[in-house]
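Right, one structure below, let's go through it.
The values are calculated or read from the model by the stated rules, or taken from the named source; none is laboratory data. Nothing here was measured: the structure is a model prediction, and the numbers come from that model. Cβ: placed from backbone, ideal geometry, glycine included. Neighbour counts: every protein chain shown. Accessible surface is based on the protein model in full, side chains and every heavy atom, while ligands, DNA and RNA are left aside. Shrake-Rupley method; radii C 1.70, N 1.55, O 1.52, S 1.80 Å.
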Amino acid sequence: AVCALPEDPGQALGMLGRVLLLRPNLFVLALTPAERPDAVDLAVRAGAGDVLVRCTGLLEQLPAAVRKNLALMDRARDHAERTTRVLLALEELRTENRSLQTLVDRLESMAMTDPLTGLGNRRALGKRLEELFSLASRRGEDLACLSIDVDGLKRVNDTLGHDAGDDLLRAAGEVLT
């Protein structure tokens, strides 16, 4: 929009402010009187996107100023659209990353858990022992580890079958838990 600001600064601010309240995305090219040097600053503070000073040759300058400002508006609109697309893509990536991290966590848990007993497997034991040994070393504390064996498991498997052996291992896991 091209507007000529009234001579009175208060009126100028009020008029431009009302226009921009109604159309906040409107680009305003203000025309100010040459005898009011403060009018340019006033128009910019009121929200004008560009300002031309009324002078001889203004009509020749006006088309170029309008073209320049239309090009600036097009670039700003394109930038805003690209920014919106980038922000949406980033949010999609964040959502996908959260899903992937959940899957990774689940896979890590599965890789470190015995599916039969639900207890940590050898990999989990090694990782946990490293953590505990490091912690005990830093604190200057002792560290103890207990290892157990289910005696006769092979004999249970051979005589009663692997289902019975699995039941025995599950029961042992529950006791340990």
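Scanning segment 51-66 for residues that are open to solvent by less than 30 Å² (accessible area, probe 1.4 Å) and under 43 Å from the mean Cα position of the chain (by Cα) returns V51, L52, A65. Within segment 41-61, residues that are among the polar types (S, T, N, Q) sit with their Cβ atoms under 7 Å from residues that are crowded, with 16+ Cβ neighbours inside 10 Å, at 6+ positions apart or across chains, in these pairs: Q61/L52. When segment 39-64 is filtered for residues that are assigned to a helix (DSSP H, G or I), among the hydrophobic types (A, V, I, L, M, F, W, C) and closer than 23 Å to R18 by Cβ, the ones remaining, listed by number, are A39, V40, L42, A43, V44, A46.
Among residues of segment 27-40 being under 16 Å from Q11 (Cβ atoms) and of a type outside the set (S, T, N, Q), the one that is most open to solvent (accessible area, probe 1.4 Å) is D38.
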